[in-house]
Amino acid sequence: ALNNSPNYDIYIGIDVHQQCIGFSFFYRKGEVIKLERKEIPKPPSKTRDEKIKEKDIYDIIYPILKRHIPRYCTNPNAIIIGRDGCSHDEKHALVKTIQQLAKDGIITNPQLPCAVFDLHKQSQIPYRVGEYDVNHGQYRTPMAGTYRLFGRDKEQAFLFSTGFPFQIRGSAKPLHFTLAFQQGDIIFEKILEDM
């Protein structure tokens, strides 16, 4: 488990590979991490379809959260979905889940803060960051965890998951995040800190 609690209590990771949706549920400090999967029908075309239907997401996350919240994470402060790739109906499934959990009495707030962020596999923006070392007159890889917000509403970010104290040579390729949806008092920078 983590030494300190993340800013937000529940993270759900979602990814699609071939005809399978993978879900990871991370509660509080990570003492409990659960993995689930759901088979989905093959799309009619030969192209890879990563769009997931709202019903497929809801059918997994609602019953799991209904079981897990009372046991592992009573009174959560937020639920965040991290989508590997591009999100579509994840926000609708998340809001519907929160509303149903409130009706069931599992959570007290039907407007529980929540968010969906996309983790892009590839970025069209060739972003690199270097930290200037004044003592040696050269650039070096930034400290691990360095992030940079950008975009009109600061909805885009690059996060450097490598760097000092890790001994990796060369320039770090950052992770590209997009805040696709938020409800309530969610701060994107706090999600980045948790990641």
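The values are calculated or read from the model by the stated rules, or taken from the named source; none is laboratory data. What you are looking at is a predicted structure, and each value in this text was computed from that prediction instead of being measured. Counting neighbours? That spans all protein chains shown, and the Cβs are built from the backbone with ideal geometry, glycine included. The accessibility values were calculated without ligands, DNA or RNA, using every heavy atom of the protein model including side chains. Shrake-Rupley method; radii C 1.70, N 1.55, O 1.52, S 1.80 Å.
At 222 nm, what helix-only mean residue ellipticity would the chain give, in deg cm²/dmol to the nearest 500, using -39500 (n - 2.57) for each DSSP H run of four or more? Before the final figure, lay out the partial values.
On the way: 3 runs with 40 residues, N = 195.
Using -39500 (n - 2.57) per qualifying helix, the result is -6500 deg cm²/dmol.
If the cut-off is 25 Å between C-alpha atoms, which lysines fall inside it for Lys34, apart from same-chain ones fewer than 8 positions away?
Output for Lys34: Lys51, Lys53, Lys55, Lys66, Lys91, Lys96, Lys103, Lys121, Lys190.
Hey, what's the chain come to in accessible area per residue, 1.4 Å probe, Å²? Kindly include the intermediate steps, with their values, before the conclusion.
Values: 11600 Å² over 195 residues.
Heavy-atom accessible area per residue stands at 59 Å².
Report the label-to-label distance for Leu35 and Met143 in nanometres (one decimal), using points 7 Å from each Cα along the Cα→Cβ vector.
3.3 nm
So if R0 is 25 Å, what FRET efficiency would Arg152 and Glu193 give, r being the distance between their Cβ atoms, rounded to the nearest 0.05? Numbers along the way, then the final one.
Working: r = 22 Å, r/R0 = 0.88.
It comes to 0.70.
Take the solvent-accessible surface of the protein heavy atoms, probe 1.4 Å, and return the percent of it on the range 5-109 that carbon and sulfur atoms account for.
Values: 2730 of 5540 Å².
That share works out to 49 percent.
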